[in-house]
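Worksheet: one structure, shown below.
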Amino acid sequence: MTEEEAKRIRNLPEFKEMTAAKKAVNIPINLVIILAYFGFVLMIAYDPAALGVPAGDGVISIGIYAGLALLVLAFLLTAVYMHLADGKLAELHRKLLAKIG
C-alpha cells in the first residue's frame with residue numbers, strides 16, 4: 001500500500017467513523033481495568049492490613065475476594081469488548097472494506 005492509498009483511506013468517512021467507534025469502546029474499558037488494577041496495587045502498597053482482614057467468620061481474607069473480583073472484572077470487560085467488536089465494530093469494518101474495494 002502506498003502512502004497516497006493510506007492517506008485516501010484515512011480520509012474516508014467510514015474510516016473516521018470506525019476509529020471513533022473503536023475509541024468510544026476501548027478508552028472506557030481500558031480506563032476501568034487500569035483504575036481497578038492500580039487501585040488494587042495501591043491498596044496492597046499503602047494499606048495491606050485492610051486486605052488481610054478475614055471476610056466474615058471465615059479464614060479467607062478480603063484481599064482474596066478483591067483479587068477474584070478483579071479477575072472476574074477483567075473477564076467481563078473482555079466479554080463486553082468481544083460482543084461489541086463482533087457486532088458494531090465488525091460491521092463498521094465490513095463497510096470500510098466494501099468502500100475500499
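Taken together, the values in this text are just the output of simple stated rules run on the coordinates, not laboratory data. A quick note: this is a predicted structure, and the numbers were derived from the prediction, not measured. All Cβ positions, glycine included, derive from the backbone under ideal geometry; neighbour counts span all protein chains shown.
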Meets criteria (part of a helix (DSSP H, G or I), surrounded by 11 or more Cβ atoms within 10 Å (Cβ to Cβ) and touching a helix residue (DSSP H, G or I) at 6+ places or on another chain (Cβ under 6 Å)) for residue 77:
yes
Filtered residue count, segment 59-101, keeping only those that are closer than 30 Å to residue 48 by Cα and either touching a strand residue (DSSP E or B) at 6+ places or on another chain (Cβ under 8 Å) or of a type in the set (Phe, Trp, Tyr) (or both):
5
Residues that are small (Gly, Ala, Ser) and in contact with an Asp or Glu (Cβ under 9 Å, 6 or more places away or on another chain), drawn from segment 59-101:
98
What do you reckon, is residue 98 in contact with a helix residue (DSSP H, G or I) (Cβ under 9 Å, 6 or more places away or on another chain) and surrounded by fewer than 12 Cβ atoms within 10 Å (Cβ to Cβ)?
yes
Determine if segment 36-43 includes at least one residue that is among the β-branched types (Val, Ile, Thr) and surrounded by 12 or more Cβ atoms within 10 Å (Cβ to Cβ).
no
Quick one: in segment 1-25, which of the residues that are within 20 Å of residue 81 (Cα to Cα) and free of Cβ contacts under 8 Å to residues at least 12 places away in the same chain is farthest from the chain's Cα centre (by Cα)?
16
Residue tally, condition surrounded by 11 or more Cβ atoms within 10 Å (Cβ to Cβ) and free of Cβ contacts under 8 Å to residues at least 40 places away in the same chain, over segment 44-74
17
